[in-house]
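Undergrad: One structure follows; several queries about it will come next.
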Amino acid sequence: MKTLTCTTPGTFEYSKTEKPELRKDHSIIKIKRIGICGTDLHAFEGTQPFFNYPRILGHELSGELVEADGADDFKIGEAVTFIPYFNCGECIACRMNKPNCCVKMQVCGVHVDGGMREYLQVPSKTLLHGEGLSFDELALVEPLAIGAHGVRRADVQPGEFVLVIGAGPIGLGTMEFARIAGANVIALDINEDRLAFCKEKLNVAHAVNALSNDVTQQLSEITNGDMPTVVIDATGNQKAINNAINYMAHGARFVLIGLQKGDLIFNHPEFHKRESTLMSSRNATTEDFEHVIKSMKAGLVNPTNYITHQVNFEEVKDEFESWLDPKNGVIKAMVRM
């Protein structure tokens, strides 16, 4: 089968590899779509934590179920996606029903080889029905679930002001699910085109440029002097994360979806006087994936809004580096197999 491997930072190589042979309690998917996410881009750059080379990238995937064992509720030939976080089922996190942060977590395309190939074998327990959604839509379920999980971690309530820092694909999905939860959403980013996208495509009511000299004042005016009661970082940028405390209301929750390699550095008095709550949000759970699929089917989310670039599998090697350049306006690149 055709396979594309990131051999070292900045280098892809096409090759022919063996099609997987079906194992017990596993299923084989013929890959149809591969969404390109920040993890893939960071891996290509060499800046992704928890990463080793060579690696077959790709975990935003959809395809056709071609072989299955232990998947009695599924039919051969149906469109599927899957939860690409392979947990052990035995560690403290798994026993606490938090498989998304399993001690021995194996994320497809990060810790183990992913879906930039014609066929991929996954544990049957991770499969999700396509529910009539297109292959493009199904490949976007996973990144949207990341944002949905962060919103659920924050326990967003109707009427709250929720500030989402970062208008990349994960941040955009976070905004959508904060809106679905009934929040008043504020987008914060340095890219005016992304901020315009938030308002025009996602109906985000408020957008603030992080390069403005009066960000705190703007947030205060939007929130009637209170400041946001939920702040969610979706940048993975150290400066943005460390500065976000200044945007929080007293009693607010700060949720880190974005991931960076450095330290968290807060002014302790500023954090303490607010009685702030700090949370990380890793991956997503079955509940989040199901929430995303139901929201798509109900028309609450239009995932195809995100797809700005489409290429065939054979073009990925030549096109991939260009997706790193903000000038090209990439929100979501989608690969067709």
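The values are calculated or read from the model by the stated rules, or taken from the named source; none is laboratory data. Just so you know, these numbers come straight off a predicted model, no measurement behind them. Virtual Cβ from ideal backbone geometry, glycine too; neighbours counted across all protein chains shown. For accessibility, only protein heavy atoms count, side chains too; no ligands or nucleic acids. Shrake-Rupley method; radii C 1.70, N 1.55, O 1.52, S 1.80 Å.
Undergrad: What is the one condition in (1) in contact with a strand residue (DSSP E or B) (Cβ under 9 Å, 6 or more places away or on another chain); (2) assigned by the TED database to the domain that holds Cys6; (3) under 20 Å from Gly258 (Cα atoms); (4) not in a helix (DSSP H, G or I) that Val103 does not satisfy?
TA: (1)
Undergrad: Taking only pairs six or more apart or across chains, which ones have beta-carbon atoms under 6 Å, a first residue in segment 318-335 that is closer than 18 Å to Ala139 by Cα, and a second residue that is among the polar types (S, T, N, Q)?
TA: Here the result reads Val330/Thr308; Ile331/Thr308; Met334/Gln310, each pair linking segment 318-335 to a residue that is among the polar types (S, T, N, Q).
Undergrad: Quick check on segment 161-187: of everything there that is farther than 25 Å from Met334 by Cα and in contact with a Gly (Cβ under 8 Å, 6 or more places away or on another chain), which residue is most open to solvent (accessible area, probe 1.4 Å)?
TA: Among residues in segment 161-187 that are farther than 25 Å from Met334 by Cα and in contact with a Gly (Cβ under 8 Å, 6 or more places away or on another chain), the one most open to solvent (accessible area, probe 1.4 Å) is Asn184.
Undergrad: On to the next question. Here is a list: Ala298, Ala249, Ala284. Which entry is closer than 30 Å to Asn224 by Cβ and of a type in the set (Gly, Ala, Ser)?
TA: So the residue among Ala298, Ala249, Ala284 that is closer than 30 Å to Asn224 by Cβ and of a type in the set (Gly, Ala, Ser) is Ala249.
Undergrad: Restricting the search to segment 244-303, which residues are surrounded by fewer than 19 Cβ atoms within 10 Å (Cβ to Cβ), at positive phi and in contact (Cβ under 8 Å) with a residue 12 or more places away in the chain?
TA: Gly251, Glu275
Undergrad: Specify the residue that is modelled with the highest pLDDT; the eligible residues are those in segment 34-62 that are open to solvent by 50 Å² or more (accessible area, probe 1.4 Å) and not in a loop (DSSP other than H, G, I, E, B).
TA: Once the filter is applied, the top-ranked residue is Glu45.
Undergrad: Could you look through segment 66-81, keep only residues that are among the aliphatic types (A, V, I, L, M) and not in a strand (DSSP E or B), and pick out the one that is most open to solvent (accessible area, probe 1.4 Å)?
TA: Here the answer is Ile76.
Undergrad: Another question, then. Kindly list the number of the only condition in (1) of a type outside the set (Ser, Thr, Tyr); (2) outside the structural domain of Leu256 (by the TED database); (3) surrounded by fewer than 24 Cβ atoms within 10 Å (Cβ to Cβ) that fails for Leu138.
TA: (3)
Undergrad: Consider Glu90 carefully, then state whether it is modelled with pLDDT under 95 and open to solvent by 40 Å² or more (accessible area, probe 1.4 Å).
TA: The answer is no for Glu90.
Undergrad: Also, quick follow-up: Does segment 114-123 contain at least one residue that is touching a strand residue (DSSP E or B) at 6+ places or on another chain (Cβ under 7 Å) and part of a helix (DSSP H, G or I)?
TA: no
Undergrad: State all residues of segment 221-255 that are more than 10 Å from Ile165 (Cβ to Cβ) and aliphatic (A, V, I, L, M); if no residue qualifies, say none.
TA: Across segment 221-255, the qualifying residues are Ile222, Met227, Val230, Ile245, Met248, Ala249, Ala252, Val255.
Undergrad: Still on this structure, I have one more. Is it the case that segment 11-24 has a residue that's within 21 Å of the chain's Cα centre (by Cα), of a type outside the set (Lys, Arg) and open to solvent by 50 Å² or more (accessible area, probe 1.4 Å)?
TA: no
Undergrad: May I ask you to list the residues in segment 221-243 that are in a loop (DSSP other than H, G, I, E, B) and either over 15 Å from Gly38 (Cβ atoms) or open to solvent by 50 Å² or more (accessible area, probe 1.4 Å) (or both)?
TA: Correct list: Thr223, Asn224, Gly225, Asp226, Met227, Pro228, Thr229, Thr235, Asn237.
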